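Each value in this text was obtained by applying a stated rule to the coordinates, not by laboratory testing. On a predicted model such as this, the values are computed, not experimentally measured, just so you know. A quick note on method: Cβ atoms are made from the backbone with ideal geometry, for glycine too, and the neighbour counts reach across all protein chains shown.
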Amino acid sequence: MKFLKYMALHYDKIGHLLLQHVRVTVISLVLAAIIGIPLGILITKNEKAAKIVLYVAGIIQTVPSIALFGFLIPVLGIGLKPAVVALVLYGQLPIIRNVYTGIKTISPAQMESARGMGMTGFQILRRIQIPEAFPVILGGIRTAAVALVGIAAIASIVGAGGLGDLIFEGISSVNSTVVLAGAIPAALLALAIDYVLGVLERSLNPMPTMKK
Amino acid sequence: MISLRDISKKFPNGFTAVDNISLEIEPGELVVLIGSSGCGKTTTLKMINRLIEPSAGQIFINGEDVLQGDPIELRRNIGYVIQEIGLFPHMTIAENIALVPQLKKWSKAKINKRVNELLELVGLDPAVSAKKFPHELSGGQRQRVGVVRALAVDPPIMLMDEPFGALDPITREQLQDEFLKLQATVKKTIVFVTHDMDEALKLADRIVVMHQGRILQCARPREILRNPANDFVRDFVGADHTLKQLSLIKVREAMQTDISTLYADESIAAAREKFAQGYRSMVVIDRRGIVKGYVNKVHLNEVREGPVSQIMRTRFSSIGPDKSLKEALTLMIQRDAGYIAVIDERGTLLGVVSTNSLHQLVGEPYLEVEGEVEGIEIS
Ligand SMILES: Nc1ncnc2c1ncn2[C@@H]1O[C@H](COP(=O)(O)OP(=O)(O)OP(=O)(O)O)[C@@H](O)[C@H]1O
Ligand SMILES: [Mg+2]
């Protein structure tokens, strides 16, 4: 009850923070995809590079976000910049890994007949590999998106704004209502993004009758 | 048409998979590469469309040095079919077939027309199949699509690597038959890999037997069976090569045509006279030449007077002239018959095939029907 009352009283502030949250998440996700997808494609051509890149992306994933923000402040200061950089880094592993496995799991027979019929490397990428790996790639982006919503809440400590502001405010004033006012919209946001991307994934699946 | 000259392939790991082979393939010829697993068949095939680059030697197609040209352009003019087919699961059947025409920038209308034409060619209804995805087809249907996809831009050359290897025996035979019919109309120059000797014998104009990266023998199927170049080829052909030969010879070529017959309406007395020349069994026909049955010498005593039709046996075995001798023999064994009548579609007697004619074959690999054989002896 107290929570709903708080929400009703502060809906414009919460709405504003929610938009900030969406903004930092979406900017980061788009950048993460712009970097991660080509990287994932590139490393399918070289096993050694693939090992290294996936390993590094895995390491980044294990660094606690607070620590990463700590590292970034001296370099990038505070605000949106360090937040986006951190989120882009965290988004890399699921995106790169899914692009890589999505393309790598295409059967050798398909690759052989594609080459055998005279497709160039780029044509194979555009017409076979990307379309066929598309559901898996989108799955990676979806995983990244959900994770980034959560991490974006913590990014409020570097001054990136978002629902994390409420959560931290609630923690420092020992007011669980305020914590919830930040946490619940954040959780709903994660669910909503997951749902939308899920629908997109299914509707864009090039094999409509073979839903995975 | 295709000319391999002193081609070798040594892989980066130092293994020589193909060791200095040369091969001339004529336009419209179907050459089958055969040999045990790992002998270099696939490697040889893939060097022709440069999926594998030869480490030495030259390849010419229509006199042009293939290794100097653009591999992409080369491959677009060579159909390629593999055992695993490699249809793209995210594309419909029509889209799969349309790929190479699209790469060649054909117009939409032309592509659509071609796709329908190709599907019909292999007995798939375009209205039903075109929009399906590969996983919605049976294995045999998928392989048919694999074949017509390779035929899409009507390339003069087809490379086929065990295309029917993964199918069940019945479907395989069916596809082989269809494929032979198709080849009779399209007349492609085909290099076909298999390790099934029966398939090779059935399809090949010429068989190339390979072993450890070399060519042991390159000859017409009958020649391979009759004169294997060495023990390896003999073993590879198999102990049943005599029987295999039978599958290559048509009844028409082996049947005896110069035979005595009885008419159903002639008298038993007249029949007895004919039998006196030493025959033990004769085919009975009517005045139009249609087979009605047969009479054995022992039947003559059952009835003394009247027409032959009274004593003839009407359950007789027959076979068409375009069947193989193997089928004829199978029939003879099944029916426990010493000979069978060869008839056309209307039932007219063309000749007979007997165990005698088969015996002659075993001794004299390729058959010459002896003129003096008259009538049939059943031993
Ligand atoms: N990339 C490669 N590197 C090293 N060796 C290879 C390579 N590809 C093939 N080989 C070897 O070359 C030999 C010939 O291979 P190939 O695929 O031509 O055999 P094949 O006659 O087609 O056999 P199968 O009937 O089993 O398909 C084999 O011993 C194989 O192990
Ligand atoms: Mg092979």
Normalised by the residues of chain B, what does the relative contact order come to in percent, with Cα pairs under 8 Å and at least six apart?
-> 16 percent
For A:ILE157, what is the net charge nearby, where nearby means another residue's Cβ is under 15 Å from its Cβ and Lys, Arg count +1, Asp, Glu -1?
-> -1
How do A:LEU188, A:LEU31 rank when sorted from fewest to most other Cβ atoms within 10 Å of their own Cβ?
-> A:LEU188, A:LEU31
Listed by chain and number, the lysines with an alpha carbon less than 26 angstrom from that of B:LYS297, same-chain partners under 8 positions apart left out, are B:LYS274
Which helices of chain A meet both criteria: a Cα extent of 30 Å or more along the helical axis and a mean Kyte-Doolittle score no lower than 1.6, with helices taken as whole DSSP H segments?
-> A:130-154
Under 1.5 on a/c is rounded, so check that first for the range B:2-248, then, if it is not, pick prolate when a/b is larger than b/c and oblate when it is not; a ≥ b ≥ c are the square roots of the alpha carbon gyration tensor eigenvalues.
-> oblate
Burial ranking of peptide ranges A:142-151, B:298-307 (average Cβ count within 10 Å, highest at the top) = A:142-151, B:298-307
Residue-count net charge about B:LYS187 - beta-carbon cut-off 14 Å; Lys, Arg +1, Asp, Glu -1 = -2
Inter-label distance for A:ALA192 and B:SER55, nm, one decimal - labels placed 7 Å from Cα along Cα-to-Cβ | 6.3 nm
Order of A:SER28, A:SER172 under a 10 Å beta carbon neighbour criterion, fewest first | A:SER172, A:SER28
Report the full-extension gain for the segment B:GLU253 to B:ARG287: residue separation times 0.36 nm, less the Cα-Cα distance, to one decimal in nm.
-> 9.7 nm
In the Gaussian network model of chain B, springs joining C-alpha atoms below 10 Å, which of B:GLU223, B:GLU345, B:GLU120 carries the largest mean-square fluctuation?
-> B:GLU345
Show the residues, 5+ positions off or on another chain, whose built amide H is closer than 5 Å to the amide H of B:LYS132.
-> B:ILE93, B:ALA94
Considering every residue in B:90-100, what mean count of other chain Cβ atoms within 10 Å of its Cβ is obtained?
-> 3
Positive end of the charge dipole of the range B:251-367 (Lys, Arg +1 and Asp, Glu -1 on Cβ, about the Cα centre): tell me which of B:ALA254, B:ALA271, B:VAL352 has its Cα farthest that way.
-> B:ALA271
Counting Lys and Arg as +1 and Asp and Glu as -1, what is the net charge of the other residues whose Cβ lies under 11 Å from the Cβ of B:ILE59?
-> -2
Roughly how many debye, to the nearest 20, is the charge dipole of chain B about its Cα centre, given +1 on each Lys and Arg Cβ, -1 on each Asp and Glu Cβ, and no other charges?
-> 1020 debye
Using alpha-carbon positions, the gyration tensor of the protein assembly as shown gives root eigenvalues a ≥ b ≥ c; with a/c under 1.5 called rounded, otherwise prolate if a/b exceeds b/c, else oblate, the class is prolate
Which of A:ALA8, A:SER156, A:LEU31, positive extreme of dipole for the protein assembly as shown (C-beta unit charges) = A:ALA8
Within 10 Å of each residue's Cβ, count the other Cβ atoms and sort B:ARG234, A:ARG127 from fewest upward.
-> B:ARG234, A:ARG127
Only helical DSSP H runs with n ≥ 4 go in: add -39500 (n - 2.57) per run for chain B, normalise by residue count and round the 222 nm mean residue ellipticity to 500 deg cm²/dmol.
-> -10000 deg cm²/dmol
Dipole in debye (nearest 20) - the range A:44-125, about Cα centre, beta carbon charges: Lys, Arg +1; Asp, Glu -1 = 80 debye
Roughly how many Å is it from the Cα centre of the range B:1-20 to that of the range B:250-293, as a whole number?
-> 60 Å
